[in-house]
Amino acid sequence: MSEREAHVPDLLVSDADRARVSGELRGHYEAGRLTLEEFQQRLDEVHAARTEGQLHQVLRQLPPAKLPSVNPRDTRWRSLTLQYSLVNVIAILVWLFGGANGDFWPKWVLLVTLITFTRRAFGHHHHRRLPPPRRPG
(Lines give C-alpha, C1' and ligand atoms only; values in the text may rest on other atoms or scores of the structure.)
Protein backbone atom coordinates (compact mmCIF):
# COMPACT_ATOMS: atom_id res chain seq x y z
CA MET A 1 0.00 0.00 0.00
CA SER A 2 1.44 3.39 -0.97
CA GLU A 3 1.80 6.30 1.45
CA ARG A 4 -0.98 8.14 -0.38
CA GLU A 5 -3.39 5.25 0.04
CA ALA A 6 -2.52 4.91 3.74
CA HIS A 7 -4.06 8.34 4.39
CA VAL A 8 -7.47 7.41 2.95
CA PRO A 9 -9.88 6.62 5.82
CA ASP A 10 -11.93 3.47 5.64
CA LEU A 11 -15.27 5.22 6.16
CA LEU A 12 -18.42 4.12 4.35
CA VAL A 13 -19.31 6.12 1.24
CA SER A 14 -22.64 7.54 0.12
CA ASP A 15 -24.38 7.48 -3.24
CA ALA A 16 -23.32 11.14 -3.66
CA ASP A 17 -19.67 10.10 -3.21
CA ARG A 18 -20.09 7.40 -5.84
CA ALA A 19 -21.75 9.88 -8.21
CA ARG A 20 -18.88 12.34 -7.74
CA VAL A 21 -16.26 9.70 -8.56
CA SER A 22 -18.33 8.49 -11.53
CA GLY A 23 -18.30 12.07 -12.83
CA GLU A 24 -14.53 12.26 -12.42
CA LEU A 25 -14.17 8.98 -14.32
CA ARG A 26 -16.37 10.33 -17.12
CA GLY A 27 -14.06 13.33 -17.39
CA HIS A 28 -11.00 11.07 -17.62
CA TYR A 29 -12.74 8.92 -20.25
CA GLU A 30 -13.67 11.98 -22.31
CA ALA A 31 -10.10 13.28 -21.99
CA GLY A 32 -8.86 9.98 -23.47
CA ARG A 33 -7.12 8.66 -20.36
CA LEU A 34 -9.34 5.57 -20.20
CA THR A 35 -10.55 3.21 -22.87
CA LEU A 36 -14.25 2.37 -22.95
CA GLU A 37 -13.51 -1.02 -21.40
CA GLU A 38 -11.43 0.52 -18.58
CA PHE A 39 -14.11 3.14 -18.00
CA GLN A 40 -16.83 0.47 -17.70
CA GLN A 41 -14.68 -1.69 -15.38
CA ARG A 42 -14.00 1.25 -13.10
CA LEU A 43 -17.67 2.24 -13.08
CA ASP A 44 -18.44 -1.28 -11.88
CA GLU A 45 -15.84 -0.77 -9.13
CA VAL A 46 -17.47 2.55 -8.17
CA HIS A 47 -20.87 0.92 -7.78
CA ALA A 48 -19.38 -1.92 -5.73
CA ALA A 49 -17.30 0.38 -3.49
CA ARG A 50 -18.38 0.49 0.15
CA THR A 51 -15.51 2.49 1.68
CA GLU A 52 -13.53 5.62 0.86
CA GLY A 53 -10.42 3.47 0.39
CA GLN A 54 -12.16 1.36 -2.27
CA LEU A 55 -13.52 4.49 -3.95
CA HIS A 56 -10.08 6.09 -3.91
CA GLN A 57 -8.62 2.96 -5.55
CA VAL A 58 -10.98 3.43 -8.53
CA LEU A 59 -9.07 6.62 -9.42
CA ARG A 60 -5.67 4.87 -9.40
CA GLN A 61 -3.12 6.13 -11.93
CA LEU A 62 -5.33 9.11 -12.82
CA PRO A 63 -4.41 12.72 -12.10
CA PRO A 64 -6.54 14.50 -9.51
CA ALA A 65 -9.49 16.46 -10.83
CA LYS A 66 -8.57 20.09 -11.37
CA LEU A 67 -11.01 22.70 -10.16
CA PRO A 68 -11.26 25.79 -12.36
CA SER A 69 -9.74 28.85 -10.73
CA VAL A 70 -12.51 31.09 -12.05
CA ASN A 71 -16.06 30.01 -12.71
CA PRO A 72 -16.64 30.86 -16.40
CA ARG A 73 -20.41 30.94 -15.88
CA ASP A 74 -20.01 33.95 -13.54
CA THR A 75 -18.56 36.04 -16.37
CA ARG A 76 -21.20 34.79 -18.79
CA TRP A 77 -23.94 35.65 -16.29
CA ARG A 78 -22.74 39.26 -15.99
CA SER A 79 -22.38 39.62 -19.76
CA LEU A 80 -25.88 38.27 -20.44
CA THR A 81 -27.36 40.48 -17.73
CA LEU A 82 -25.75 43.56 -19.24
CA GLN A 83 -26.91 42.70 -22.78
CA TYR A 84 -30.54 42.05 -21.88
CA SER A 85 -30.72 45.00 -19.47
CA LEU A 86 -29.47 47.32 -22.20
CA VAL A 87 -32.09 46.09 -24.69
CA ASN A 88 -34.87 46.59 -22.13
CA VAL A 89 -33.68 50.07 -21.09
CA ILE A 90 -33.57 51.18 -24.75
CA ALA A 91 -37.12 49.87 -25.33
CA ILE A 92 -38.43 51.72 -22.27
CA LEU A 93 -36.63 54.94 -23.27
CA VAL A 94 -38.12 54.78 -26.77
CA TRP A 95 -41.58 54.39 -25.22
CA LEU A 96 -40.97 57.28 -22.79
CA PHE A 97 -39.57 59.70 -25.40
CA GLY A 98 -42.34 58.66 -27.80
CA GLY A 99 -44.87 60.20 -25.44
CA ALA A 100 -45.61 57.19 -23.25
CA ASN A 101 -49.09 57.09 -24.74
CA GLY A 102 -51.32 54.07 -24.75
CA ASP A 103 -50.33 50.57 -23.84
CA PHE A 104 -46.91 49.89 -22.27
CA TRP A 105 -45.59 47.95 -25.29
CA PRO A 106 -42.06 47.42 -23.84
CA LYS A 107 -43.63 44.73 -21.64
CA TRP A 108 -43.39 42.41 -24.67
CA VAL A 109 -39.70 43.21 -25.09
CA LEU A 110 -39.22 42.55 -21.37
CA LEU A 111 -41.05 39.22 -21.64
CA VAL A 112 -39.12 38.01 -24.69
CA THR A 113 -35.75 39.03 -23.28
CA LEU A 114 -36.57 37.41 -19.92
CA ILE A 115 -37.40 34.12 -21.62
CA THR A 116 -34.30 34.29 -23.81
CA PHE A 117 -32.07 35.27 -20.90
CA THR A 118 -33.39 32.42 -18.75
CA ARG A 119 -32.85 29.86 -21.51
CA ARG A 120 -29.32 31.07 -22.24
CA ALA A 121 -28.27 31.45 -18.61
CA PHE A 122 -29.82 28.28 -17.19
CA GLY A 123 -30.45 26.11 -20.25
CA HIS A 124 -29.04 22.66 -20.62
CA HIS A 125 -25.75 22.38 -22.42
CA HIS A 126 -25.25 19.48 -24.77
CA HIS A 127 -22.51 17.09 -23.73
CA ARG A 128 -21.01 14.37 -25.81
CA ARG A 129 -22.91 11.24 -24.92
CA LEU A 130 -21.05 8.12 -23.97
CA PRO A 131 -21.86 4.93 -25.81
CA PRO A 132 -24.28 2.71 -23.88
CA PRO A 133 -22.60 0.06 -21.74
CA ARG A 134 -22.31 -3.36 -23.25
CA ARG A 135 -24.41 -6.02 -21.62
CA PRO A 136 -22.73 -9.31 -20.87
CA GLY A 137 -24.01 -11.79 -23.35
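Among the protein heavy atoms, those of residue 96 account for about 90 Å² of accessible surface (1.4 Å probe, every chain in place). In the complete set of protein chains, residue-level accessible area for residue 122 is approximately 120 Å², probe 1.4 angstrom.
Of the residues 47, 56, 28, ranked by 1.4 Å probe accessible area with the largest first, the sequence reads 47, 56, 28.
For the residues 108, 95, a 1.4 Å probe over the protein chains yields an accessible-area ranking, largest first, of 108, 95.
For residue 51, the residues whose amide H sits under 5 Å from its own are 13, ignoring neighbours fewer than 5 places away on the same chain, with H placed 1.01 Å from N.
The values are calculated or read from the model by the stated rules, or taken from the named source; none is laboratory data. Since this is a predicted model, take the numbers as computed values, not measurements. Heads up: the accessible areas ignore ligands, DNA and RNA and are worked out on the full protein's heavy atoms, side chains in. Shrake-Rupley method; radii C 1.70, N 1.55, O 1.52, S 1.80 Å.
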